[in-house]
Amino acid sequence: MKRSTSLLALVAGCFLLSGLAVAAVKLDGIKCPVSGKDVKEDKAVDYAGGKVYLCCGGCPDAFAKDTKKFATKANHQLVATGQAKQAKCPLSGGDLKDGIEVTIHGAKVKFCCNNCKGKAEKATGDEQVNLVFGEDAFKKGGFKVSK
């Protein structure tokens, strides 16, 4: 009887932990890369090792049809939701320095120097998102989804 109680507790704990892992992605203020509307937790697609959240049932098809078109905003969302972590400066590829960071539409991004930080701060709107989360910058910054 002890074994089955322990096994039941272990299984229940696994379900609880898996629920916590899903809840770790915060979607407040996160926008759909296709429409720009608020996202829904049950509307997500796999992307770059993580999940990109969308707003409705039509957006997954649009995203799949032209993923490259939406990649920059999807990259931004991976960082803003805490799924992707960076390893290097997205502008120079240099080592990151403590305290040199900017929050871009809810996504904290670090830089190697005040020069790169200043470039990011001077850019606005979509220009800023493209500068830091575009495909080249995302690769240069070594952004990876952690499991």
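The values are calculated or read from the model by the stated rules, or taken from the named source; none is laboratory data. These figures come from a predicted structure and were not determined experimentally. Quick reminder, even Gly has a Cβ in these numbers, built from the backbone with ideal geometry, and neighbours come from all protein chains shown.
Just to be sure, is C56 part of a loop (DSSP other than H, G, I, E, B), in contact (Cβ under 8 Å) with a residue 12 or more places away in the chain and touching an Asp or Glu at 6+ places or on another chain (Cβ under 8 Å)?
no
Please tell me if P90 is part of a loop (DSSP other than H, G, I, E, B) and closer than 23 Å to G29 by Cβ.
yes
Of the residues A71, A84, A62, which single one is touching a residue at least 24 places away in the same chain (Cβ under 8 Å) and touching a Phe, Trp or Tyr at 6+ places or on another chain (Cβ under 7 Å)?
Sole residue among the options that is touching a residue at least 24 places away in the same chain (Cβ under 8 Å) and touching a Phe, Trp or Tyr at 6+ places or on another chain (Cβ under 7 Å): A84.
Please determine, by comparing only the residues of the range 90-125 that are at pLDDT 95 or above, among the small types (G, A, S) and over 17 Å from D38 (Cα atoms), which one is farthest from the chain's Cα centre (by Cα).
Result: G118.
Testing G36 on (1) surrounded by 14 or more Cβ atoms within 10 Å (Cβ to Cβ); (2) part of a loop (DSSP other than H, G, I, E, B); (3) at pLDDT 95 or above, one condition comes back false. Which one is that?
(1)
Which of the residues spanning the range 126-147 are closer than 15 Å to Q77 by Cα and either modelled with pLDDT under 95 or part of a strand (DSSP E or B) (or both)?
D126, K144, V145, S146
Among the residues of the range 99-124, count how many are among the small types (G, A, S) and either under 16 Å from K140 (Cβ atoms) or in contact with a helix residue (DSSP H, G or I) (Cβ under 9 Å, 6 or more places away or on another chain) (or both).
4
For the range 104-119, give me each residue that is assigned to a helix (DSSP H, G or I), touching a residue at least 24 places away in the same chain (Cβ under 8 Å) and crowded, with 20+ Cβ neighbours inside 10 Å.
C116
Given the residues G50, G141, which is the only one that is within 16 Å of V25 (Cβ to Cβ) and crowded, with 19+ Cβ neighbours inside 10 Å?
G50
Determine whether A87 is within 10 Å of the chain's Cα centre (by Cα), of a type in the set (A, V, I, L, M) and closer than 16 Å to F143 by Cα.
The answer is no for A87.
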